[in-house]
Amino acid sequence: MVINLPFSFFDDSVNLSYTESVKQIVFKLILVCILGSFCLTAYNPVVNLVAFSGIVFIYLNTIIKKDCFSLIIQLFFANHYVFGNDKGGLFNIAVLVAMLLCSLSGRKIFTAPSSFSNSFKGLLLILFAFQILSLTSNPHASIMGKVAGLLSFSGIILLIYQLSKVPIRKIDIIRFLYILFLFTCFEFVISLNQKYNFINLNTPLLPKEEANVEYELDFFRSMGPFMDYEAYAEYSLSLIALLLPGILSGSFKKISNKLFYMTVGITIISFLSIVLTITRSSLFILPVVIIFILFNQNKRLNLKAIFPYLIIIGVGFAVNLQLKVFDISAFIERSQEMKIKRLSDVTSGSEINRGEIFAYAFEKIRRTKGLIGEGYFANPPDYNTVHFDTPKPTIGDYHNLYLSVIVFWGGIGAACFIMIFLISIYKGILARRRKGITAFDADMLLGFNTLFIFFLLNQYKIIFLRESNYTIVILLFLVIYSGLVKKVTSPGFKLVISE
């Protein structure tokens, strides 16, 4: 006799024996980040090698334990630090080496099917082909630069493909959210210290900007561990979009009060982080994000669950009126300089402080006629030298994803790259509509749907491809999103009972 059981029949929140605890993951993450700071070129190569070997060992230990979602968590948070990009993606290389060593030992870990659809994988292959074509036809990059660019891009694709085979369980998402809270608090300390300098240190783990940096209207802008205020603001907005559905519906509270208040804390800290960055695009998009989520939640809003949330926000605003720690007026003063009268003022960049940068990108596209680009380079010196003709440009990216990917891979390659995100969003929207979906999964899917929809909108002014560490942060979001979609849409299990 065969009995069909829905996927939700199985309690995937059970902590299996091989699952690393939050404390274990945090401990490993701290070690990885400390070791990573010793891999900077400022240290002796022997020190670099020893520290790198330590990172590989930690990752290998996690892989051998078969807790590969712990590996995703460690990689995700370690890549928040810019020093992870010092050699074109330090932590990403370490994971690939750990995977290789595991494979050579005969262990088969990543054996499950990928959560990426066939169309997704096909687009990745086409994009890889355009990376090869673009690098081959690029007359400006050195041979070593081209080899490094190809290896870096190949490593990124291989890494996210392998990690897309990791099953996503409820316990995994919960562990991720717990560590997200801890890391968000630490990021906030970094951001506050950058502005108020209450900790007189400037280290890789507690970074500050270089002296004499010029800002528009002389407003100081905190940058968090990303050392980029726009990336930090965009990331903070993404966290609010991801978590707000579960807060508003009360599904997080049904799991535990601790999870609920942690996620509330993350969203409040993320909002304050946006304020500290004084990034207009992220702050102005935030109300639209909230309206979008409210509209999609319909009758699932739980006013009882969000009442404490509203009290915390109200008290926070009242306190800030007296202390003025967070000055929102800076956004108004910066915006008064803008005189947008027509769409061309935005598309040309003339009224959003992007005119000269956009013009440079259009000139790059004109040179190649938009057919084949100049290639993607994960190593900062190669990226800057090829795309901006100098190892140390004043502004190191085009501040526009859509122009940048055409510069990198041409029109067709750029379309493939954007379609990867659009396909994921489409599948996420369909998955959320499935019957029998749990409230927790539905809210997480709405969060990811919202995150990536507004992520693509925000990319008109911000690019995430300049630094391979931030690239991996976003792509790991995509991996978790894809795994969650697969979890929800997987067919029911069959229980066979012998008669």
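The values are calculated or read from the model by the stated rules, or taken from the named source; none is laboratory data. Keep in mind that what you see is a predicted model, and the values were worked out from it rather than measured. All Cβ positions, even for glycine, are placed from backbone atoms using ideal geometry, and neighbour counts span all protein chains on display.
Observations on the structure shown:
- The selection criterion, being part of a helix (DSSP H, G or I) and buried (at least 18 other Cβ atoms within 10 Å of the Cβ), holds for ILE160.
- Number of positions in segment 387-420 that are modelled with pLDDT of 80 or more and of a type in the set (Val, Ile, Thr): 6
- Hits in segment 394-432 (condition: touching a residue at least 12 places away in the same chain (Cβ under 8 Å) and among the small types (Gly, Ala, Ser)): GLY396, SER404, GLY410, GLY411, GLY413, ALA414, SER424, GLY428, ALA431
- Filter result for ILE266 (under 18 Å from the mean Cα position of the chain (by Cα) and at pLDDT 90 or above): yes
- Every pair of residues 6+ apart whose Cβ atoms lie under 7 Å, when the first sits in segment 191-209 and is farther than 18 Å from TYR232 by Cα while the second is assigned to a loop (DSSP other than H, G, I, E, B): ASN202/LYS208
- Residues in segment 368-412 that are surrounded by fewer than 19 Cβ atoms within 10 Å (Cβ to Cβ) and within 20 Å of SER152 (Cα to Cα): PRO381, ASN384, PHE388, PRO391, GLY396.
- Enumerated helices (runs of 4 or more DSSP H) restricted to segment 20-128, each holding at least 1 residues that are of a type in the set (Lys, Arg) and surrounded by fewer than 18 Cβ atoms within 10 Å (Cβ to Cβ): 22-37
- Taking residues in segment 219-242 that are at positive phi, and partners anywhere that are of a type outside the set (D, E, K, R) and part of a helix (DSSP H, G or I), the pairs with Cβ atoms closer than 7 Å and at least 6 places apart or on different chains are GLY224/ILE190; GLY224/SER191; GLY224/TYR232; GLY224/SER273; MET227/VAL82.
- Residue check, SER134 surrounded by 15 or more Cβ atoms within 10 Å (Cβ to Cβ), under 23 Å from GLY428 (Cβ atoms) and not aliphatic (A, V, I, L, M): no
- None of LEU272, LEU259 is farther than 22 Å from PHE452 by Cα, within 23 Å of the chain's Cα centre (by Cα) and either part of a helix (DSSP H, G or I) or in contact (Cβ under 8 Å) with a residue 24 or more places away in the chain (or both) except LEU259.
Residue-by-condition table, conditions (1) polar (S, T, N, Q); (2) more than 19 Å from the chain's Cα centre (by Cα):
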site: VAL46; (1), (2): no, yes
site: PHE57; (1), (2): no, yes
site: LEU75; (1), (2): no, no
site: ASN92; (1), (2): yes, no
site: LEU101; (1), (2): no, yes
site: SER114; (1), (2): yes, yes
site: ASN118; (1), (2): yes, yes
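- Among residues that are within 18 Å of the chain's Cα centre (by Cα) and closer than 30 Å to GLY246 by Cβ, LEU158 is not included.
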